[in-house]
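What follows draws every value from the coordinates through simple rules; no lab data is involved. The model shown is predicted, which means the values in this text are computed figures rather than measured ones. Quick reminder, even Gly has a Cβ in these numbers, built from the backbone with ideal geometry, and neighbours come from all protein chains shown.
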Amino acid sequence: MDILITEWALDTYLDLKGRGVITRDEYKNKIRPDVMRLKAFPNDPEFSNSKFWSPATGLGGRIPCGFKMKWHQVGPGLCQLRVGVAIYNGEALLCRAYTKDNSSTEMREMAKLKLHISQIMNGLHQTRGKL
């Protein structure tokens, strides 16, 4: 499966890196290798680990085509890092990276992911790279 980096994903990654939420070392040695697992989706066993991968859900329930990758105890602040992913037309599109601070933050990010997936389905997104 191809992995596409959307403009949203790149922007949020640069923001998190700029604020010191994640380090370059964590990105290279943990986050990037885990993201590369999407090439083998759904066959990699990590996709059955609910602490690493789960369907995206919002106020209206399950978000079609939406998923979350999850990391715990990341960065100097030991935060919970999340990346919203859309699986659509045989591609994995990285949508947004964020820190899960509380349930309100999670619901806001899921609303944004739902909007991004709608835009992807309508061809209204920009890709900035392919892994």
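Among the residues making up segment 65-118, those that are free of Cβ contacts under 8 Å to residues at least 12 places away in the same chain and among the aliphatic types (A, V, I, L, M) are L78, L115. I'd like to verify a number: residues in segment 76-111 that are among the hydroxyl-bearing types (S, T, Y) and outside any strand (DSSP E or B), how many? Of the residues in that region, 3 qualify.
If you filter segment 90-131 down to residues that are hydroxyl-bearing (S, T, Y) and touching a helix residue (DSSP H, G or I) at 6+ places or on another chain (Cβ under 9 Å), you find that the one that is surrounded by the fewest Cβ atoms within 10 Å (Cβ to Cβ) is T127. Annotation note: Cβ proximity below 7 Å between a residue of segment 26-37 that is free of Cβ contacts under 8 Å to residues at least 12 places away in the same chain and a residue that is of a type outside the set (A, V, I, L, M, F, W, C) and assigned to a helix (DSSP H, G or I) (sequence gap 6+ or interchain) occurs for R37/E46. Taking strands (runs of 3 or more DSSP E) as the structural unit, those lying wholly within segment 1-75 and holding at least 3 residues that are hydrophobic (A, V, I, L, M, F, W, C) and at negative phi correspond to 2-6, 61-74.
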